[in-house]
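What follows is a single structure, written as structure tokens, with notes after it.
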Amino acid sequence: MKRVYFFLFISFLFPCVMKADPGGATLSGNISNLSDHTPVVSAVVYFPDLKSGASTDLDGNYKITNLPQGTFLVQVSLIGFATITQKITITENTIKNFQMEPSVTEMVGVVVTGQSSSSDPKHTPTPITVVTNVQLQQNASTNIIDAVAKLPGISQLGTGPGISKPVIRGLGYNRVVVVNDGIRQEGQQWGDEHGIEIDENSVNRVEILKGPASLSYGSDAMAGVINIMSAPTLPAGMINGNITSNYQSNNGLFSYSGNCAGNLNGIIWDARYSRKMAHDYKDKFDGGVFNSRFTENNLSGVIGLNQSWGYSHLSLSLYHLTPGIVEGIRDSASGNFIKEIRMNDSTSIFDLVNNDDLHSYKMTTPHQDIRHFKATWNNSFIIKESIFKTTIGFQQNQRKEFSDVFNPAKYGLYFLMNTISYDLRYLFPEKDSSQISIGINGMQQNSQNKGIEFLVPEYHLFDIGAFIMAKKTWKKLDVSGGIRYDIRFQKSEDLFLDSLGIKTQNPDASSIHLFTGFNTNFSGISGSIGFAYQCSDKIYTKLNLSRGFRAPNIAELGANGVHEGTLRYEIGDPYLKPETSTQVDFAIGMDSPHISGEIDVFGNDIEHFIFIRKLNNTAGNDSILNGLQAFKFFSGHAQLMGAEATLDIHPHPLDFLHFENTFGFVVAQQLNATDSTKYLPFTPAPVFRSQLKANLNKPWKKLSNSYVKIEAENSFAQNHIYSAFRTETATSGYLIFNMGFGTDIVSNDRIFCTVNFAINNLTDVAYQNHLSRLKYGDPNLVTGHNGVYNMGRNFSIKINIPLYLKKSE
């Protein structure tokens with residue numbers, strides 16, 4: 001803990017002893033339409049590194065005050081126009097005019113993920129995908145990971161609609177780092193049914209970095225990073241808000257959210273409350289899936305200062321999710337789901353689930369109760385033309401599981417985890433098109449078992465990593481890279497149970513030694529070197545070589561108990577070695593007025609790759625512990641190869657029409673293995689998506705930014721499975737159709753509200769995603785189907801009402 005206090009002290013002291021540039025500069029200008037030279041109204045001029053910006057008035061004029069002097073990347077954006085990204089040198093009073101070109105291509109923003117400073121995606125060697133707020137609003141989803149899992153190379157490990165975990169290029173769990181409010185989200189990612197505790201209503205955009213990102217984020221970023229960002233701060237003098245709601249027919253999902261944000265004299269704030277609830281979803285084969293319901297509440301806010309010396313923002317959030325746990329137990333005669341009912345203090349029976357049960361929002365057993373509190377302090381100080389950034393965060397994750405029908409208010413498993421994160425980085429001034437940054441970051445973490453059931457031991461963790469990154473530009477060529485060294489210390493505690501299975505501090509000969517304490521130290525080197533070359537104004541190429549590092553997580557090292565949500569008994573191995581990966585990426589892309597697209601191929605070699613598989617007994621049958629199949633963590637040598645491709649055709653003169661196509665696949669194999677162990681378990685199937693979309697700018701005087709779209713999603717069969725020990729089963733392919741339409745409703749030259757309507761799984765296809773954990777539920781003896789199927793046809797309607805409380809100065 002002393003190490004954490006030291007870094008906290010440094011983060012507070014360092015800015016005080018540095019002399020900040022008095023700044024106070026102003027940037028102003030006019031933005032016009034390149035085609036007809038008319039003013040562009042409501043265009044946003046924004047500095048991502050400064051978190052400061054403004055919007056244009058009715059004459060196309062803008063003005064940003066209280067800026068530091070120096071060179072910074074600016075973004076100029078508006079729906080229907082090509083986004084402008086360029087560096088501007090700001091002096092005391094700088095005037096800069098822009099001409100925006102009308103564009104039918106989707107708006108692409110400035111990339112921040114994995115970089116010490118903002119940069120243009122085409123000039124960044126690492127493969128990056130951006131999901132804009134418009135895209136998030138136009139798609140129907142039940143959580144934020146579900147919303148981004150439609151991108152090529154991105155999948156989700158699902159346990160019903162309420163819980164989704166991100167998978168990037170076939171790698172998930174602790175190999176993916178999720179960043180929110182500037183710090184990595186720590187919510188016990190080792191569990192299959194442990195999702196991402198983030199309110200999707202608070203998300204403005206998502207940036208996804210594919211491939212090892214250990215250079216900037218340390219251990220666990222081997223597969224990539226998902227950077228989830230809130231809305232940017234408002235221009236000075238403005239106070240806005242919005243009220244949004246969403247209803248979905250399949251599971252009766254109803255959500256609403258409201259916020260109020262402002263910026264007065266550099267004092268910024270944003271407060272939000274969101275609530276979401278859903279009953280059990282249904283599909284064509286299962287009918288209603290009992291206990292797939294969930295409720296979600298979130299209260300969040302940010303308050304801070306934006307000044308000429310930089311900014312300082314304090315973010316707070318309190319997230320509460322209560323998801324049911326689908327066990328999939330059925331009646332052998334009818335095939336219907338059954339529920340356990342308490343008769344008296346010692347007797348229970350199983351009864352058929354009825355229609356009222358399936359449409360109830362009330363929680364039943366088993367279910368989880370998850371609370372995630374987070375406080376983050378983000379600071380950025382301008383020191384002449386350098387930038388010093390500090391981020392300090394505290395998180396507390398409480399995860400309880402309730403499964404006792406005789407005492408439904410008493411939890412079995414209860415994990416209490418506290419995490420302190422720190423990140424300090426210094427960005428040197430740009431000189432001769434070169435930029436260098438250095439930094440250290442890491443976390444202090446401890447987890448306690450507060451329940452009466454046990455899966456992983458209590459542990460203490462501390463890690464620290466130091467890195468240096470550099471970038472150099474020669475006309476059309478951008479070269480970037482760096483190196484990092486990480487150290488992680490992890491200590492687990494012994495756990496003894498008495499003859500009744502109760503935790504004891506005074507073990508005797510009859511006690512069970514459930515967890516044997518261990519003390520592990522892991523260290524590793526990460527690095528990358530990449531090139532981005534602009535062949536012409538329309539064509540670009542990228543090449544990136546990277547090395548990643550990941551230390552084993554607590555479940556892989558020390559698990560020894562029943563994992564309720566996955567219906568299996570898990571056993572860890574404290575002698576596992578850390579994973580190290582070497583990955584190469586090559587991409588070629590084109591961005592023209594009528595055709596845009598990119599092809600990205602990759603190869604990833606991972607030594608000591610850790611995975612879980614079933615155990616067999618001496619008779620060759622499933623090994624059973626506590627009435628469940630036993631699984632254990634093993635390691636091997638893995639190779640993953642794959643590609644993603646995107647193609648968007650918007651032909652002239654039908655510029656409003658988009659024909660968008662994406663394809664992604666990954667083949668994950670284990671070297672020197674037998675046929676049944678050749679392929680790594682739980683690798684996503686190849687997916688091809690095709691969408692036809694018409695954007696209608698002003699179909700009627702009261703409507704703007706209207707669209708209509710239809711999409712086909714073809715998931716191929718996944719027969720490349722780890723079939724040994726019946727660890728996983730093959731999954732059939734499926735084709736589903738989605739459609740949607742929406743518009744802004746305008747009143748007095750302002751958006752009165754935005755309406756988005758969507759239908760997912762239009763033809764109500766019964767299907768199972770290969771990464772759905774529910775497909776391994778009990779078989780239906782009546783229909784012959786195994787496990788539980790994904791959600792059937794679902795209608796969704798979203799309404800967003802903006803509130804204009806005070807205009808910009």
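The values are calculated or read from the model by the stated rules, or taken from the named source; none is laboratory data. A quick note: this is a predicted structure, and the numbers were derived from the prediction, not measured. With ideal geometry, Cβ positions are generated from the backbone for all residues, glycine too; neighbour counts draw on all protein chains shown. To get the accessible areas, we keep the full protein, side chains included, count just its heavy atoms, and leave off ligands, DNA and RNA. Shrake-Rupley method; radii C 1.70, N 1.55, O 1.52, S 1.80 Å.
For the reader, a short list of remarks on this structure follows.
- Per-residue accessible area (protein heavy atoms, 1.4 Å probe) orders Val176, Val134 as Val134, Val176, starting from the largest.
- Subtracting the Cα-Cα distance of Met641 and Ala375 from 0.36 nm times their residue separation leaves 91.9 nm of extension gain.
- Tyr62 - accessible surface, heavy atoms, 1.4 Å probe, Å² rounded to 10: 10
- Taking N as the residue count of the chain, its C-alpha radius of gyration divided by 2.2 N^0.38 Å amounts to 0.95.
- Solvent accessible area, Å² - Lys63, 1.4 Å probe, full protein context: 130
- Measuring nothing but protein heavy atoms, the accessible surface of the chain at 1.4 Å probe radius is 58 percent carbon and sulfur.
- Nearest 10 degrees, 0 to 90: helix 2-17 Cα axis against the chain principal axis: 10
- Descending principal axes extents, region 334-435, alpha-carbon based, whole Å: 76, 28, 18
- Charge tally in the Cβ shell below 14 Å around Gly170, where Lys, Arg are +1 and Asp, Glu are -1, Gly170 excluded: 0
- Ranked by solvent-accessible area (1.4 Å probe, protein heavy atoms only, all chains present), the residues Asp345, Asp744 order from largest to smallest as Asp345, Asp744.
- Pair Asn626, Tyr361: separation of 7 Å Cα→Cβ label points (nm): 3.4
- Sequence-distant lysines (8 or more away, or on other chains) whose Cα lies within less than 28 Å of Lys709: Lys122, Lys150, Lys165, Lys210, Lys276, Lys282, Lys284, Lys538, Lys693, Lys698, Lys701, Lys798
- Remark: the Cα gyration tensor places region 549-589 in the oblate category, a/c being 1.5 or greater and a/b not exceeding b/c.
- Cα-based reach from Lys476 at 19 Å (exclusive), listing aspartates and glutamates while leaving out same-chain residues under 8 positions away: Asp120, Glu430, Asp432, Asp537, Asp591, Glu598
- Accessible surface area normalised per residue over the chain is 41 Å², counting heavy atoms of protein chains with a 1.4 Å rolling probe.
- Counting only DSSP H runs of at least 4 residues, each contributing -39500 (n - 2.57), and dividing by the residue count of the chain, the helix-based mean residue ellipticity at 222 nm comes to -1000 deg cm²/dmol.
- Using a probe of 1.4 Å, the accessible surface attributed to Asp478 totals some 10 Å² when neighbouring protein chains are kept in position.
- Listed residues Lys284, Lys339, Lys374, Lys538 arranged by accessible area, highest first, probe 1.4 Å: Lys284, Lys538, Lys339, Lys374
- Span from the region 510-538 Cα centroid across to the region 427-488 one, whole angstrom: 10
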